[in-house]
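K.L.:
Below is the structure I would like to discuss, written out as structure tokens.
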Amino acid sequence: MGKTVEEYVAFLESKGFSFGEDAIGFIYFGKQYTNASDFLVNVAIEMTLKAQKDFDGSFYISLLEALKQNKVNTRTDAELFAKERGLLT
């Protein structure tokens, strides 16, 4: 079983990433707005950090929407999705 969004954010913070209140707000707004699973939210957070080198709220929400619309359900699908769109190399 994967981490909840709260656990994943705490894990990232323990590794040195700093999320301000605005970033946390974007994360939970995106989750509610898209009705996405914790898994998908965590993948979107990870990809946002890898692609942007920081947390960009609007990028994250757009990515989360796209992942949800494209019915991405696995890490493999998510990585393929990101590579096809040039988000990750």
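The values are calculated or read from the model by the stated rules, or taken from the named source; none is laboratory data. Given the structure is predicted, the values throughout are model-derived calculations rather than measurements. As a convention, Cβ positions derive from the backbone with ideal geometry for all residues, glycine included, and neighbour counts pool all protein chains shown.
K.L.:
Return the total of residues in segment 51-69 being of a type outside the set (Asp, Glu) and either touching a strand residue (DSSP E or B) at 6+ places or on another chain (Cβ under 6 Å) or farther than 15 Å from residue 35 by Cβ (or both). Let's see the steps before the verdict.
P.N.:
First, pick out the residues of segment 51-69 that are of a type outside the set (Asp, Glu): 51-53, 55, 57-64, 66-69.
Those still in the list that are either touching a strand residue (DSSP E or B) at 6+ places or on another chain (Cβ under 6 Å) or farther than 15 Å from residue 35 by Cβ (or both) too: 51-53, 55, 57-60, 62-63.
Adding up the residues that qualify gives 10.
K.L.:
Any residue at all in segment 20-33 that is closer than 17 Å to residue 75 by Cα, within 10 Å of the chain's Cα centre (by Cα), assigned to a helix (DSSP H, G or I) and of a type outside the set (Ser, Thr, Tyr)?
P.N.:
no
K.L.:
Taking the stated definitions as given, is residue 34 crowded, with 17+ Cβ neighbours inside 10 Å, of a type in the set (S, T, N, Q) and touching a Gly at 6+ places or on another chain (Cβ under 9 Å)? Quick ask: steps written out before the conclusion?
P.N.:
Numbers: crowded, with 17+ Cβ neighbours inside 10 Å: yes; of a type in the set (S, T, N, Q): yes; touching a Gly at 6+ places or on another chain (Cβ under 9 Å): no.
So residue 34 does not fit the description; no.
K.L.:
Quickly run through segment 54-89 and pick out the residues that are of a type in the set (A, V, I, L, M) and part of a helix (DSSP H, G or I). So that I can check it myself, show each step before the final result.
P.N.:
Restricting attention to segment 54-89, the residues satisfying the condition of being of a type in the set (A, V, I, L, M) are 61, 63-64, 66-67, 72, 78, 80, 82, 87-88.
Answer for segment 54-89, where residues must be of a type in the set (A, V, I, L, M) and part of a helix (DSSP H, G or I): 61, 63, 64, 66, 67, 78, 80, 82.
K.L.:
What residue, of 8, 28, is surrounded by 19 or more Cβ atoms within 10 Å (Cβ to Cβ) and modelled with pLDDT of 95 or more? Walk me through it before giving the result.
P.N.:
Working: 28 fails: surrounded by 19 or more Cβ atoms within 10 Å (Cβ to Cβ).
One residue alone meets the criteria, 8.
K.L.:
Now a separate question. Hey, can you tell me all the residues within segment 42-53 that are under 18 Å from residue 86 (Cβ atoms) and part of a helix (DSSP H, G or I)?
P.N.:
Residues satisfying the conditions are 43, 44, 46, 47, 48, 49, 50, 51, 52.
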